[in-house]
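What follows is one structure encoded as structure tokens, with my remarks underneath.
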Amino acid sequence: MQVPAPFDYARATSVEHAIGLLERLGEGARLVAGGHSLLPMMKLRLANLEYLIDINDLHDELGYITFEPDQVRIGAMARHRELLESDELAGIFPIVRDAERVIADPVVRNRGTLGGSLCQADPSEDLSAVCTAIGASCLIRGSTGERVVTMEDFHRGPYETAVGDAEMLIEVRLPIRPGGSSAYEKVERRAGDWAVVSAGAAVWMADGVITDARIGLAAVGPNTTSIEAVSEALRGETPSEEVYARAGAIAAQQCRPTADGRGSVDFKRHLADELTRRTLRRSVARLTEGEQHR
């Protein structure tokens, strides 16, 4: 039977309490909310922790989805189910609902959180690709204050983030830009599984021309991948299958997949190409159909 190594347990009652516990207990402590990724790693002894700090009581404090004229602020304790069911969020960022529909299963979505997904920093994680594509930023708090980092700076490698030992991810900020829409696509071995490859795209247009675009790829490198060369190739272009094919080819060339039980390097590059095309095509179609970022 797989069982974790012995650990102590504490239950935080506020953000300040949680940060204080992290500061006092040191690097052997970890926050847990849903725990659907962390606990299996502990059972396999891939993560050996001295303390778990339960933050489920912080949902009232950090479970918000707040809409402002220029951004959406989402608390780190917002559950997957809450993100999935928010029609207002889906109207502004359809990519979020696309991704939430293919994350795990209802049991996981009822308990798992946005902050937990991002902080796990699994290279195959869905919401990291989503947040990368739409240019999100992360608010991190410690006992000495707060700081905001981009998604590119937030993920530093597999299972490694910019959040320090005595810090906590508080909020994710999604910038609202006019004339944009987004989409997410994922290939998985079975429903709810980690991605073989996934792609998120966000496109902004004016007068029928792409003014900006961003791609976020998962499961094709040591962390979620944003490819600036794709953005450069799309700016100023009129959407077409030729343009999508060019972007897909760049994505396939510049990602860094490794062969594993989910597929070969060539297969994953092929998926990066195809899913980049699909998400760009779908994002543009949503724009022309009126489903766009306000």
Practice problem: Please tell me if residue 5 is among the aliphatic types (A, V, I, L, M), under 25 Å from residue 165 (Cβ atoms) and part of a loop (DSSP other than H, G, I, E, B). | Solution: yes
Practice problem: Could you please give the count of residues in segment 236-255 that are part of a loop (DSSP other than H, G, I, E, B) and touching a helix residue (DSSP H, G or I) at 6+ places or on another chain (Cβ under 9 Å)? | Solution: 3
Practice problem: Name the one entry in 162, 166 that is of a type in the set (A, V, I, L, M), in contact with a Phe, Trp or Tyr (Cβ under 7 Å, 6 or more places away or on another chain) and surrounded by fewer than 23 Cβ atoms within 10 Å (Cβ to Cβ). | Solution: 162
Self-check item: Residue check for residue 82: without any contact (Cβ under 8 Å) to a residue 24 or more places away in the chain, crowded, with 16+ Cβ neighbours inside 10 Å and out of contact with any Leu (no Cβ under 8 Å at 6 or more places or on another chain)
Solution: yes
Quiz item: Is it true that some residue in segment 51-72 is over 23 Å from residue 127 (Cβ atoms), modelled with pLDDT under 95, open to solvent by 10 Å² or more (accessible area, probe 1.4 Å) and outside any helix (DSSP H, G or I)?
Solution: yes
Self-check item: segment 258-275 residues that are farther than 15 Å from residue 198 by Cβ and part of a helix (DSSP H, G or I), paired with ones that are open to solvent by 30 Å² or more (accessible area, probe 1.4 Å) and among the hydrophobic types (A, V, I, L, M, F, W, C) (beta carbon under 8 Å, 6 or more apart)
Solution: 265/259
Quiz item: Can you find even one residue in segment 102-110 that is open to solvent by 10 Å² or more (accessible area, probe 1.4 Å), more than 28 Å from residue 285 (Cβ to Cβ) and of a type in the set (Lys, Arg)?
Solution: no
Quiz prompt | Residue that is surrounded by 19 or more Cβ atoms within 10 Å (Cβ to Cβ) and either assigned to a strand (DSSP E or B) or modelled with pLDDT of 95 or more (or both), where the choices are 233, 199, 229 | solution = 199
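The values are calculated or read from the model by the stated rules, or taken from the named source; none is laboratory data. What you see is a predicted model, and the numbers here were worked out from it, not measured in a lab. Using ideal geometry, Cβ is built from the backbone for each residue, glycine included, and neighbour counts are taken over all protein chains shown. Please note that ligands, DNA and RNA were not included when accessible areas were found on the heavy atoms of the full protein model with its side chains. Shrake-Rupley method; radii C 1.70, N 1.55, O 1.52, S 1.80 Å.
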